[in-house]
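J.: Once you've had a glance at the structure underneath, I'll fire off some questions.
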Amino acid sequence: MMQPHLIAPCGMNCGLCSGHLRQKNQCPGCNVQGEARPVYCQKCIIANCEQLQKSEVKFCYTCSIYPCTRLKNLDKRYRTNDGMSMLDNLESIKTSGLETFLQTEKQRWKCTSCGAQLCVHKKTCLSCEQAWA
């Protein structure tokens with residue numbers, strides 16, 4: 001299910017992440033505060049960016065140095081390995097709004113074979129194993 005709180009400041013849809021989709025030790029996403037927040041999110045330089053903390057809208061596109069080198073590098077890695085762009089996601093959120101982005105994501109990341117939600121980190125559907133990439 002696509003939920004607003006699962007969209008990270010960098011534009012990552014945590015709802016598509018293998019850490020969130022797994023059954024055991026499910027990650028609640030990077031926007032969760034406190035002890036429930038995964039260690040890697042607690043240490044994430046982008047999620048903990050000083051510029052981002054100053055903004056009312058908690059997305060990187062509000063930053064005066066957007067897109068920063070770290071975000072560009074993250075985007076490049078995800079474009080290359082996973083077929084997703086953080087920068088495209090942020091641009092969509094900025095221009096169309098979060099709700100429209102979530103509706104688009106719901107359709108984009110839906111298995112054409114069984115209708116289950118796909119995982120950005122896997123090249124096959126977790127439910128029916130149909131290749132999507």
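Laboratory data are not the source of any read-out in this text; all were calculated from the coordinates shown. Just so it is clear, the model here is predicted, and its values are computed rather than measured. FYI the Cβ positions are ideal-geometry reconstructions off the backbone, even for glycines, and counts take in every protein chain you see.
J.: Do any cysteines of the chain lack a neighbour Cys whose Cβ is under 4.7 Å away, and which are they?
T.: Those would be CYS10, CYS14, CYS17, CYS27, CYS44, CYS49, CYS60, CYS63, CYS68, CYS119, since no other cysteine Cβ in the chain comes under 4.7 Å of theirs.
J.: Per 5 Å bin from zero, what fraction in whole % of the C-alpha pairs of region 26-99 is there, up to the bin with the longest pair?
T.: Spelled out per bin, shortest first, that is 3, 15, 21, 25, 24, 11, 1.
J.: With unit charges on the beta carbons (Lys and Arg positive, Asp and Glu negative) and the dipole taken about the Cα centre of the chain, which residue among LEU16, LEU90, THR80 sits farthest to the positive side?
T.: Farthest along the dipole direction, towards plus: THR80.
J.: Enumerate by residue number the trypsin sites (Lys or Arg not before Pro) in region 58-92 meeting two conditions: DSSP loop (anything except H, G, I, E, B), and at most 15 other Cβ atoms within 10 Å of the site's Cβ. Provide the component values of the computation, followed by the final result.
T.: Details: sites: LYS58, ARG70, LYS72, LYS76, ARG77, ARG79; in loops: LYS58.
Of the trypsin sites (Lys or Arg not before Pro), the ones in loops of region 58-92 whose Cβ has at most 15 other Cβ atoms within 10 Å are LYS58.
J.: Taking loop as defined by DSSP and a crowding limit of 11 other beta carbons within 10 Å, which GluC sites (Glu not before Pro) in region 24-64 fit?
T.: On the way: sites: GLU35, GLU50, GLU56; in loops: GLU56.
Passing both the DSSP loop test and the Cβ count: GLU56.
J.: I've got another one for you. Please work out the Kirkwood hydrodynamic radius for the chain, using every pair of different C-alpha atoms, and report it in angstroms with one decimal place.
T.: Details: mean 1/r = 0.0651 Å⁻¹.
Evaluated over the chain, this radius sits at 15.4 Å.
J.: Another question, if that's okay. From the cross-link list LYS54/LYS110; LYS24/LYS123; LYS58/LYS106; LYS94/LYS122, which pairs have alpha carbons spaced over 30 Å apart? Let's see the in-between values first.
T.: On the way: LYS54/LYS110 35 Å; LYS24/LYS123 21 Å; LYS58/LYS106 21 Å; LYS94/LYS122 27 Å.
Long pairs (Cα-Cα over 30 Å): LYS54/LYS110.
J.: Rounded to the nearest 500, what is the 222 nm mean residue ellipticity of the chain from helices alone, with -39500 (n - 2.57) per DSSP H run of 4+ residues and division by all residues? Intermediate results must be reported in sequence, preceding the final value.
T.: Numbers: 6 runs with 49 residues, N = 133.
Only helices count here, giving -10000 deg cm²/dmol.
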